[in-house]
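Reading through the structure tokens given below for one structure.
The values are calculated or read from the model by the stated rules, or taken from the named source; none is laboratory data. Here the structure is a predicted model, which means the values were calculated and not measured. Cβ sites come from the backbone with ideal geometry, for glycine too, and all protein chains shown count toward neighbours. For accessibility, only protein heavy atoms count, side chains too; no ligands or nucleic acids. Shrake-Rupley method; radii C 1.70, N 1.55, O 1.52, S 1.80 Å.
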Amino acid sequence: RILDMRPEAMTPDQMRKEIESFRPDLIGISSLSHEADTLHDIARVAKEHNRDCPVLAGGPHPSMFFDEVLKDRNVDHVIVGEGEETITEFLLLCENGGHPAGISGIASRTESGDISHQPRPPLQNLDLLPFPAWDLIDIDAYAGRPNMNSMLKGKRYMAVLTSRGCPYGCAYCHNLFGRGFRSRSPENVFKEMEALRNDFGVDEFHIVDDIFNLDKDRAHAICDLMIKNRLGVSFAFPNGLRGDLMDQALIRKMVRAGCYSMTYAVETASPRLQKLLGKNMDLERVEQTIDWSFEAGVITKGFFMLGFPTETVEEIRKTISFAVRSKLLLAGFYCVVPFPRTRLFELAQTASPDFSPSPKDCFYYSDAPYYTGETGIDLKSLQRHANRTFYLDPRRLANLLLRIPRKRDLLMSLKPFLQLTFDRWRTR
């Protein structure tokens, strides 16, 4: 059974009732870092119900900070990184009365209280994985809620991950999937889409890869299969494509296959910071790519980060100017958060040796961004300026209104940016 607390708006007390009703033999909890408190609340509730029920944690936060998570005695083990093979071995061993401490990919406490962890090599052939158990979730529950793409064209959507890993070494990345790019075959990806379309009525896909277009031949092949077989779906890229790797031929092919929204993660328009961060993006090429995408009729979106260690106000304004003059229709301007155990955190500590937040305090919508705390410069004011300058452009808003598939989604698309601009409606 899968319980997603967000669409269900569940509290830990409601989770307690679900656990008492279902009486699971094992509980797995996935979380991001700012959800760490909820993770530990659920683990406590689970152990209060049944001390003998194993509680496992996994996902981004536990994978990066398994030693911190295992300080909580209500969490028995952490699945570190990719969990498909690890959890299978864990369950088989438990059925046979073995101890999971020696399984690769598991982090556990030893009898002496130390942490035992043997990393598991990344799975190379992703086609070996079965498709997710979509029947265990209420697909319709997600259609009426805010989504990563901030809009929908279809009636029912599903996120699809077609590859793992990224060869680039961006300083802010946790690198959970590794630096090696591993991809599913075009045939395997199409088979998943076809099953979702035919068996579950899904008519829109959100491709959430870190770098879907690294292998352009594969990207073309996936689109070709969708076109040839007349799949009849829409799709979007809410997680960011590598802008300086795109070309007109691929953009046009994606549009023919049903793509209506593309996101480009530019982050900074400062060549110095591009080099410092290891992103090394060709800024002129990505600006050209945005133009090509706009001309192809796509809803163009961009991600930008403000307030890197050593960044000057002039460099911040240069990034804002890049976004404003571009043909992006939507842009997210986010205050930089140096997460522990990233190279960005090391850069922040080099610039400010006393900087040492806990993972759960690393929150994107904090009222006190790292940059302001270390420089005294009001980064939130610069962020509000970026949003006002970008969105109070009548031509941009007119183009967005013209292209957005469902006009009622316009407010949903703009709401996160209105929140940041006018500092209202925010939730922790």
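Here are the numbers for this structure:
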item: Label-point separation, Asn96 to Thr389 (7 Å along Cα→Cβ), nm; result: 6.3
item: Choice from Pro146, Pro24, Pro122 showing the highest fluctuation, given a GNM over the chain with Cα pairs closer than 10 Å; result: Pro24
item: Spin-label pair Glu48/Arg179, simplified geometry with 7 Å Cα→Cβ offset, distance in nm; result: 4.6
item: Paramagnetic reach from Ala159 in the range 1-33 [backbone N under 14 Å; point 7 Å along Cα→Cβ]; result: 4-7, 30-33
item: Pairwise FRET efficiency - Phe355 versus Ile137, Cβ, R0 = 45 Å, nearest 0.05; result: 0.70
item: Within the range 95-194, GluC sites (Glu not before Pro) in DSSP loop having at most 12 other beta-carbon neighbours inside 10 Å; result: Glu111
item: Probe 1.4 Å, accessible area per residue of the chain, Å²; result: 48
item: Folded to 0 to 90 degrees: helix 283-295 orientation relative to the chain principal axis, Cα; result: 80
item: Helix-only [θ]222 nm of the chain, DSSP H runs n ≥ 4, -39500 (n - 2.57) each, per residue, nearest 500; result: -12000 deg cm²/dmol
item: From the coordinates shown, percent of Cα pairs over 34 Å apart corresponds to which of (1) 45; (2) 35; (3) 32; result: (2)
item: Label-zone membership for the range 290-332, site Val255, 7 angstrom Cα→C-beta point, backbone N under 20 Å; result: 290-302, 326-331
item: DSSP bridge orientation in the chain - percent antiparallel, rounded to nearest 5; result: 20
item: Two-site label geometry, Leu123 and Glu8: point separation in nm, points 7 Å out along Cα→Cβ; result: 2.5
item: Sulfur and carbon atoms: percent of accessible area, the chain [1.4 Å]; result: 51
item: Degrees separating the helix 36-49 axis from the principal Cα axis of the chain, which is the longest one; result: 30
item: Summed side-chain charge close to Glu204 - residues other than Glu204 whose Cβ falls under 9 Å, Lys, Arg +1, Asp, Glu -1; result: +2
item: Fully extended contour minus Cα-Cα distance, from Arg272 to Asp291, at 0.36 nm per residue; result: 4.5 nm
item: Most mobile of Phe22, Phe304, Phe355 in a GNM of the chain (Cα contacts under 10 Å); result: Phe22
